[in-house]
1. What part of the accessible area of the range 91-201, given as a whole %, is carbon or sulfur when the probe is 1.4 angstrom?
2. What full-extension length gain, to one decimal in nm, is calculated for Ser54 and Arg271 as 0.36 nm per residue of separation minus the Cα-Cα distance?
3. With label points built 7 Å along Cα→Cβ from the Cα atoms of Asn307 and Ser154, find their separation and express it in nm.
4. What pairs from Lys174/Lys279; Lys68/Lys167; Lys158/Lys184; Lys110/Lys158; Lys68/Lys172; Lys167/Lys237 go past 24 Å between their alpha carbons?
5. In debye to the nearest 20, how big a dipole does the range 168-283 give about its Cα centre with +1 on each Lys and Arg Cβ and -1 on each Asp and Glu Cβ?
6. Using a cut-off of under 20 Å, list every residue of the range 196-227 whose amide N is near the label point 7 Å from the Cα of Trp136 along the Cα-to-beta-carbon line.
7. Name the long-range amide H neighbours of Arg135: under 5 Å, sequence gap of 5 or more, or other chain; modelled H, no Pro or chain starts.
8. Whole angstrom only: what separates the Cα centroid of the range 63-129 from the Cα centroid of the range 9-59?
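The values are calculated or read from the model by the stated rules, or taken from the named source; none is laboratory data. All values reported here derive from a predicted model rather than from experimental measurement. All Cβ positions, even for glycine, are placed from backbone atoms using ideal geometry, and neighbour counts span all protein chains on display. The protein model used for the area step is the full one, side chains on, heavy atoms only, and it has no ligands, DNA or RNA in it. Shrake-Rupley method; radii C 1.70, N 1.55, O 1.52, S 1.80 Å.
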Amino acid sequence: DRKKIKSQNTIDNLTWAIDKQIIPAIGRRRLRDLDCENVEDMLADMAATGMSTSSLIRIHTTLTRALKWAQSRGKILRNVSDLVETPLGTQRPSIEFTVAQVGRILLTAKGSRLEALWILGFVLGMRPGELTGLRWDNVDLDTGVISILESLKSHAGKLSQGSTKTKQSRRKLKALPIAITALKAHQERQQADRLAAGAWWTDTGYVFTSEVGTPINPANLRRAFRALVKAADIPAKQPTEDIPDPGQWHPNEMRHSAGSYMDHMGIPRERIADILGHKGTRTTEEVYIHPQEVIDMTSPAFEAYGNQFGNQPAEGETER
């Protein structure tokens, strides 16, 4: 029911999955004749075309939801899609930074207008839209609780505030001290921006804004992130056999890095899924947790995890 969906991006994604993928593949089959093998073959064929894992998950999830609706109304006896595992597709081009690289990036960002945004991205694994859509009303600096309830979205060149990507994405995090300290400093910095802008300031209530208080456009966030990475002297993504054209660094790499680091710290994957806003561990494991060769971390505790980001590399220190 489109009336119940507030996000235009969600509508576009569902329309793409249904009209462009599911219906052309199995739309001619009767519901009662659809079996697990049909769904497995459909997803396998799509994976063979080079489709990404995230796209396969989106298609599979959409089909499962549709069949769940049909089952609840007695159209089918069982949801065959729910009995099928999503196959792995093309590896996502998102690549995490090393811990030393994150240290260099945060050191480079120190004192900048968006320092707190980069810290929340790398430490808490918030999505870019969740970061730019975060409001002060949803941040409690006294208790250290950050409520992630909304996301800033861009559609057809227009910005809009909407719900988070999924129901599970609505979450409350008792943030690490490094994140709360950064937010307190950011609040003071924003007040200085407000005074400097004077009558030009637009009070939107967002935590992260432009110099005149307006929301941050996703394109501007990407440009700012790439400029920061370049200033930190981080090399470009290197092509691999699986990812011949990895593209440029993207703010979503902060989220991938957070998921990967928490996993290597020994934090339970169920807990990582909760922090990243996933329904279960499947997406966390297949998309956001990447293998790393060596990470110099000795404690699995969240405190040690937070302290690692706070220990910035000294000037002249080289990566190992």
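1. Values: 2800 of 5160 Å².
Accessible surface attributable to carbon and sulfur in the range 91-201 totals 54 percent.
2. Working: separation 217, 0.36 × 217 = 78.12 nm, distance 2.07 nm.
Extending this stretch completely gives an extra 76.0 nm.
3. 4.0 nm
4. On the way: Lys174/Lys279 19 Å; Lys68/Lys167 17 Å; Lys158/Lys184 30 Å; Lys110/Lys158 31 Å; Lys68/Lys172 29 Å; Lys167/Lys237 33 Å.
Where the Cα-Cα span goes over 24 Å, the pairs concerned are Lys158/Lys184; Lys110/Lys158; Lys68/Lys172; Lys167/Lys237.
5. Values: 17 positive and 12 negative charges, 87 e Å.
In total the dipole reaches around 420 debye.
6. Only 196-217 fall inside the zone, counting backbone N under 20 Å.
7. Excluding prolines and chain starts, which carry no amide H, the hits are Val207.
8. Between the Cα centre of the range 63-129 and that of the range 9-59, the gap is 20 Å.
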